[in-house]
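Throughout, read-outs are computed from the coordinates displayed, never taken from laboratory work. Keep in mind that this is a model prediction, so the values were computed, not measured. Here Cβ is always computed from backbone atoms with ideal geometry, including for glycine, and neighbour counts include all displayed protein chains.
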Amino acid sequence: MRNVMFYVMTILIWGSTWLAITFQLGRIDPMVSVTYRFSLAAVLLLLWCAVRRLPMRFTWKEHLAMATQGVFLFALNYWLFYLAELHIASGLAAVIFSTVMVMNVVNGAVFLKSPVDARVVAGGALGLVGIGLVFRPELTSFHFGDSGAKGLLLCFAATYLASIGNILSARNQKAGLPVVQTNAFGMLYGALIMLGLSALLGRSFAFEMSTAYVGSLVYLAVFGSIVAFGCYLSLIGRIGADRAAYATLVFPVVALVISTIWEGYRWSGYAFSGVALILLGNLLLLNRKEEKKTCQAGRAATPPTTSPDTLTA
């Protein structure tokens, strides 16, 4: 039940962040906006850890692991995403980010030696086709010009960095690092990296006091960073990076629903067909979980025929 809650919260929150990011683009440099976002998120999360009196002492090697996760998951990848959305539509960026599921399967097999689940691959393939149908207008109207090509490359690079961050999170959780504290320190290190790069490159640290900028910054820091990442990375530790990444195929649909309400998006037959394929892919994953539970229950109910060790095989 907790996995379902984490899954739904990740989808709903990240489905809305694509719109929120557009309010961050404008007069403030993207690198500086990312610095502000994760600085605020890190401070709030560290305060939460202090209030809850969570263990905060870690070895330098553990801090290095958290910093590495932070660089890939809370710094460079978001900077590239912000830059990408200056050149391509946010809907297309959401479609490209959906390929993180495929990247997680490949990177998990390469770096974590995780087995490749055929149903995850099949569900992911259905989901990607569905995403393609949902965002068919954006894909068909895309022009591979200089600006479009730059945005596309930036988006794929950002997605790959995010996938590496997912794998690092899975490895850190297997090593016993707690999600909340790891996120707190990871966001802090990520913000410090962005701060250092911004200063080194001479970026202006101006701040926009408009309601849109401040409101979107707070929303992205609290919900898009602290809450959503807490849920998503917990899912990675519980069900694996490949299945957790399926959420990335669903939240673009949430973004479309929001667009329908706020921007007057009109649903087409392609869009409805695409959503149906995404849900079908999701059903494949859910059925796999149910079958796994049934098999485990069956093994537990069967008395051992040779020795108690057969129950743990």
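Mind sorting 49, 231 by how few other Cβ atoms lie within 10 Å of their own Cβ, fewest first?
Fewest-to-most ranking of 49, 231: 49, 231.
For the chain, return all DSSP H helices satisfying: extent of Cα atoms along own axis at least 20 Å; mean Kyte-Doolittle hydropathy at least -0.5.
The answer, listed by residue number, is 2-22, 30-51, 118-134, 146-174, 179-200, 247-262, 269-301.
Could you pull out the chymotrypsin sites (Phe, Trp or Tyr not before Pro) across segment 143-206 that fall in loop regions by DSSP (anything but H, G, I, E, B) with no more than 13 other Cβ atoms inside 10 Å?
The qualifying sites are 144, 205.
Among all lysine pairs in the chain that are eight or more places apart or on different chains, how many have alpha carbons less than 29 angstrom apart?
The number of close lysine pairs in the chain is 9.
For the chain, set up a GNM with springs between Cα atoms under 10 Å and report which of 57, 238, 37 has the largest fluctuation.
Highest fluctuation of the listed residues: 57.
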